[in-house]
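Let me begin by presenting the structure, written as structure tokens, before commenting on it.
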Amino acid sequence: DYCNLANEINQYVEQEHKIIMQAEEDRQHTRMVVAGISHDFRTPLTSAMGYMQMVRSSEKLSGQNEEYLDIAIEKTRYLKELSDEFFALSVIENRREEDKQELSLRKVLENVTLGQYDWIQERKLSFQVQLTEDLCMMRATEVDLIRLFENLYSNARKYAVNYLAAELRKSEGRILLSMENDTDRNVRLDTEAIFRPFERMEDTTAKGNGLGLYVAKRIVENYNGDIQAELPEDGVFRLKVILWSGE
């Protein structure tokens with residue numbers, strides 16, 4: 001009886017192992033399909049945006065047709081952003097350990113921050129940035145870190161009213177990034193819900209696809225980190241990211 005029971009348990013474990021392996025293969029296949037579809041969407045959408053911009057600059061449109069074209073451009077832009085986020089998400093989910101290398105998180109953040117200069121100046125925001133002198137080395141892929149920082153800045157771009165601040169520091173082997181901006185006082189925020197796909201702040205007209213912070217959260221979690229949000233009574237929206245240094 002003991003032998004029969006042991007054989008049955010072994011068969012059960014083997015079947016469970018096969019089911020798990022098949023499920024993982026199915027997930028990988030689905031991710032690859034999503035990545036392929038997202039990539040195929042991006043190319044024609046980019047071309048369509050270019051052609052519509054050329055038509056927009058031709059100065060041969062009636063007032064009503066100009067309005068219709070602007071709507072088409074805006075809708076195409078939204079689809080382009082959506083496909084970009086889906087593609088980024090599919091790449092993140094399929095990231096391999098051999099794709100990673102030792103990188104300076106501080107240097108990547110510096111480069112991404114410099115790329116925000118134009119819109120910050122255009123909006124006339126008070127901008128403060130404090131970066132540690134430590135290089136904040138960690139094993140990662142540069143495209144993941146760039147996407148993370150760009151999505152955090154993109155979120156601030158939608159909701160900042162007067163000022164934006166970013167801080168990077170290192171403490172006890174942890175890399176701590178915080179980003180904050182003031183908001184419209186009428187904005188309400190569920191600090192858990194905003195990291196879900198297609199969730200956006202309430203009572204706001206800011207444009208967005210609701211995937212930016214979700215993708216940011218997936219990136220952070222893939223590096224065994226944590227990301228949190230808060231909006232206290234002072235009306236300042238704060239994002240805090242914790243990552244582990246490789247040093």
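Would you list Trp119, Trp244 from the most to the least accessible area, probe 1.4 Å?
Correct descending sequence by accessible area is Trp244, Trp119.
Output wanted: per-residue J couplings in Hz (rounded whole) for the stretch 139-152, from phi through Karplus 6.51 cos²θ - 1.76 cosθ + 1.60, θ = phi - 60°, x for Gly and Pro.
Couplings: 8, 7, 9, 4, 4, 5, 5, 4, 4, 4, 5, 5, 5, 5 Hz.
Take Phe195, Phe127 and sort them by solvent-accessible surface of the protein heavy atoms, 1.4 Å probe, largest at the top.
From most accessible down to least: Phe127, Phe195.
Angle, helix 63-93 long axis vs. longest principal axis of the chain, Cα atoms, 0 to 90°, nearest 10?
30 degrees
Whenever you get a sec, line up Ile194, Ile71, Ile242 from highest to lowest accessible area (probe 1.4 Å, protein heavy atoms).
Ile71, Ile242, Ile194
Sequence gap of 8 or more, or different chains, plus Cα separation below 16 Å: how many lysine pairs satisfy both in the chain?
7
Could you check which residue among Ala166, Ala48, Ala88 shows the biggest mean-square fluctuation in a GNM of the chain with a 10 Å Cα cutoff?
In this elastic network of the chain, the residue with the biggest mean-square fluctuation among Ala166, Ala48, Ala88 is Ala48.
With springs only between Cα atoms under 10 Å apart, run a GNM on the chain and tell me which of Lys158, Lys124, Lys60 wobbles the most.
Per the Cα network of the chain with a 10 Å cutoff, Lys60 tops the list.
Can you give the net charge of the other residues whose Cβ lies under 13 Å from the Cβ of Asn65, counting K and R as +1 and D and E as -1?
So the environment of Asn65 carries a net charge of -2.
Report the dimensions of the chain along its three principal axes from the alpha-carbon atoms, largest first, rounded to Å.
The Cα atoms of the chain stretch 85, 47, 36 Å along their principal axes.
For the stretch 135-176, go through all pairs of different Cα atoms, get the mean of 1/r, take its inverse, and jot down that Kirkwood value in Å.
Every distinct Cα pair counted, the radius reaches 12.2 Å.
How far is helix 2-56 tilted, in degrees, relative to the longest principal axis of the Cα atoms in the chain, given as a value from 0 to 90 rounded to the nearest 10?
Once rounded, the angle reads 20 degrees.
Could you report the chain's accessible area per residue, 1.4 Å probe, as an integer in Å²?
Result: 62 Å² per residue.
Compute a Gaussian network model of the chain, connecting alpha carbons closer than 10 Å, and tell me which residue from Leu61, Leu45, Leu176 fluctuates the most.
Of Leu61, Leu45, Leu176, the most mobile in the Gaussian network model is Leu61.
With charges set only on the Cβ (+1 for Lys and Arg, -1 for Asp and Glu), what does the dipole of the chain come to about its Cα centre, in debye to the nearest 20?
The dipole of the chain has a size of about 780 debye.
The values are calculated or read from the model by the stated rules, or taken from the named source; none is laboratory data. Every value quoted in this text rests on a predicted model; they were computed, and no experiment measured them. Backbone-built Cβ (ideal geometry, glycine too); neighbour counts: all protein chains shown. Ligands, DNA and RNA are excluded from the accessible area calculation, which covers all protein heavy atoms including side chains. Shrake-Rupley method; radii C 1.70, N 1.55, O 1.52, S 1.80 Å.
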